[in-house]
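The values are calculated or read from the model by the stated rules, or taken from the named source; none is laboratory data. Note that the coordinates shown come from a computational prediction; the quantities given were computed from them, not determined experimentally. A quick note on method: Cβ atoms are made from the backbone with ideal geometry, for glycine too, and the neighbour counts reach across all protein chains shown.
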């Protein structure tokens with residue numbers, strides 16, 4: 001979890017991730033609620049950092065992988081339930097980008113894919129999950 005809190009590339013990374021969070025997190029919070037947004041952020045970030053520490057990238061850190069998780073969850077939601085057709089189609093590129101990044105051993109791909117998987121679970125309305 002510590003690797004999520006440290007911006008190892010300095011001020012540019014810090015500013016970029018702050019701006020990215022300011023853009024993506026409010027949308028994710030409105031779509032999923034605050035607790036689910038935090039769950040997606042934490043699960044995506046911790047999983048991606050664990051993969052990095054297992055050998056993909058032993059140096060570096062930052063919360064960009066967790067932000068990617070929010071993007072993945074939002075992409076999955078919009079692909080399944082979005083009302084704008086162009087947005088639904090473009091959202092399908094997100095898991096593809098995640099796979100390509102994983103093939104390049106870039107932990108941002110792990111964040112995207114974990115977010116996509118968690119987002120798939122968030123697509124199903126709560127009342128359907130409770131009655132099924």
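What about residue 22, is it touching a helix residue (DSSP H, G or I) at 6+ places or on another chain (Cβ under 8 Å), part of a helix (DSSP H, G or I) and at pLDDT 90 or above?
no
If a residue must be buried (at least 17 other Cβ atoms within 10 Å of the Cβ), more than 11 Å from the chain's Cα centre (by Cα) and free of Cβ contacts under 8 Å to residues at least 60 places away in the same chain, how many such residues does region 32-43 contain?
Number of matching residues: 0.
Looking at (1) closer than 21 Å to residue 22 by Cα; (2) at pLDDT below 85, find the lone condition where residue 68 falls short.
Residue 68 satisfies all of (1) closer than 21 Å to residue 22 by Cα; (2) at pLDDT below 85 except (2).
I'd like to check something: does region 44-51 contain any residue that is without any contact (Cβ under 8 Å) to a residue 12 or more places away in the chain and in a helix (DSSP H, G or I)?
Checked against the condition, which is being without any contact (Cβ under 8 Å) to a residue 12 or more places away in the chain and in a helix (DSSP H, G or I), region 44-51 yields at least one hit.
Is one or more of the residues making up region 77-93 at pLDDT below 90, under 15 Å from the mean Cα position of the chain (by Cα), in a loop (DSSP other than H, G, I, E, B) and under 13 Å from residue 116 (Cα atoms)?
yes
Taking only pairs six or more apart or across chains, which ones have beta-carbon atoms under 8 Å, a first residue in region 91-115 that is at positive phi, and a second residue that is modelled with pLDDT under 90?
Correct list of pairs: 105/56; 105/57.
Every residue in region 52-70 that is assigned to a helix (DSSP H, G or I) and either within 9 Å of the chain's Cα centre (by Cα) or surrounded by fewer than 16 Cβ atoms within 10 Å (Cβ to Cβ) (or both), please.
Once the filter is applied, which keeps residues that are assigned to a helix (DSSP H, G or I) and either within 9 Å of the chain's Cα centre (by Cα) or surrounded by fewer than 16 Cβ atoms within 10 Å (Cβ to Cβ) (or both), region 52-70 yields 53, 54, 55, 64, 65, 66, 67, 68, 69, 70.
Listed residues 12, 16; which is in a helix (DSSP H, G or I), at pLDDT below 90 and farther than 22 Å from residue 74 by Cα?
After applying the criteria, what remains is 12.
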